[in-house]
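The values are calculated or read from the model by the stated rules, or taken from the named source; none is laboratory data. These figures come from a predicted structure and were not determined experimentally. With ideal geometry, Cβ positions are generated from the backbone for all residues, glycine too; neighbour counts draw on all protein chains shown.
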Amino acid sequence: MKLFHYHWWTELVEQMEDFYREQGFETVLRVGRHEGEMQTFNPPLEWDDFRNKGISFQIIEMVKGQTNITFGYGKADRFDHIGLLVGEDEYERIIDKAKDLNLKINEGERRTFVSTPWKFRIELQRRQGVVHDKGTLVNAMDIGLPFQDGKPRIIADLLDLDLYSESNSEVRIGNEEWKLHFIDEESTRLRSVHFSQDDLHTVDPVGTTLSTV
C-alpha cells in the first residue's frame, strides 16, 4: 500500500499549477467544461492558449516521481481526498472493513472512494501503472479535522495501520513507509505534506505546507 496522492477544489487552479511546476511537478492532464462539453487542454497547450475562454476545470493532474497531485475548480478551497495505491488483497480487506464500519463506498472500474465522517475521502487505486516506482514519495501527511465527529483512529482500523499515539487532540497512525497525523480542528483541511526526497520548504496557494523529512 502506497500513499501517493491528494486532491483539492479551489478557485486558484492556475496558481496551483504554476506553483507545483516550480517545485518540479509535470502537468499530465487538464480536463474542463467549455461551451457545455468536457474537453481536454493538455500540454503542450499553455494557459495563454485558453485562459480567457471561461473553462471550468474539473481536474488538473500533476506528477513528480511517485507523487500525483490533482485539483479542480471550486468556489472555495476544499480538501477532498487522499489516494492509496493498493493490491487486490488489500483492496478487498479495506472494502470489507468499510462495510463493517458503515462507511459509504463508491466503487468504480478505475478507482474506488471510501467516505469518512470528516468530509474527506480515501481513494483506492488498483491500477499499478498509474504510479511510478521511483522518485519523489509522500512520507507523511498532517490533516486537521474535528474530533467531535469521531476519533480518526478508525482509519487505522480501516486501512490496517498501526496506531502510534492517541490523545484528546492528536492521533498518529501509519506503517513503516508512511504516516498520517490527525490534529483536532474545527474543519477538515490538509495542513502539510512531507516528502522523502527533494528540498521542499514552502506553502502552496491553498495553504498546505510542503516539506522534506
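What the table below lists for this structure:
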{"item": "Every residue from region 105-115 that is among the hydroxyl-bearing types (Ser, Thr, Tyr) and surrounded by fewer than 19 Cβ atoms within 10 Å (Cβ to Cβ)", "result": "SER115"}
{"item": "Region 1-49, subset touching a residue at least 12 places away in the same chain (Cβ under 8 Å) and among the acidic types (Asp, Glu), residue surrounded by the fewest Cβ atoms within 10 Å (Cβ to Cβ)", "result": "GLU26"}
{"item": "Any hit, region 77-84, residues being without any contact (Cβ under 8 Å) to a residue 24 or more places away in the chain, more than 13 Å from the chain's Cα centre (by Cα), in a loop (DSSP other than H, G, I, E, B) and over 20 Å from ARG127 (Cα atoms)", "result": "no"}
{"item": "Check on LYS99, in contact with a strand residue (DSSP E or B) (Cβ under 6 Å, 6 or more places away or on another chain), modelled with pLDDT of 95 or more and exposed (fewer than 12 other Cβ atoms within 10 Å of the Cβ)", "result": "no"}
{"item": "Listing of strands (runs of 3 or more DSSP E) fully contained in region 116-198 that carry 1 or more residues being loosely packed, with under 14 Cβ neighbours inside 10 Å", "result": "162-166"}
{"item": "Residues located in region 95-120, provided they are under 18 Å from the mean Cα position of the chain (by Cα), in contact (Cβ under 8 Å) with a residue 40 or more places away in the chain and under 17 Å from LEU161 (Cα atoms)", "result": "VAL114"}
{"item": "Neighbours by Cβ (under 8 Å, 6+ apart or cross-chain): first from region 169-185, under 14 Å from ASP157 (Cβ atoms); second small (Gly, Ala, Ser) and assigned to a strand (DSSP E or B)", "result": "VAL171/SER165; GLY174/ALA140; LEU180/ALA140; LEU180/GLY174; PHE182/GLY144"}
{"item": "Hits in region 152-207 - residues which are over 16 Å from the mean Cα position of the chain (by Cα), under 22 Å from LYS119 (Cα atoms) and hydroxyl-bearing (Ser, Thr, Tyr)", "result": "SER167, SER169, SER187"}
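Yes/no per residue for (1) at pLDDT 95 or above; (2) charged (D, E, K, R); (3) out of contact with any Gly (no Cβ under 8 Å at 6 or more places or on another chain):
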position	(1), (2), (3)
THR10	yes, no, no
GLU22	yes, yes, yes
VAL31	yes, no, yes
GLY36	no, no, yes
ARG51	no, yes, yes
ILE60	yes, no, no
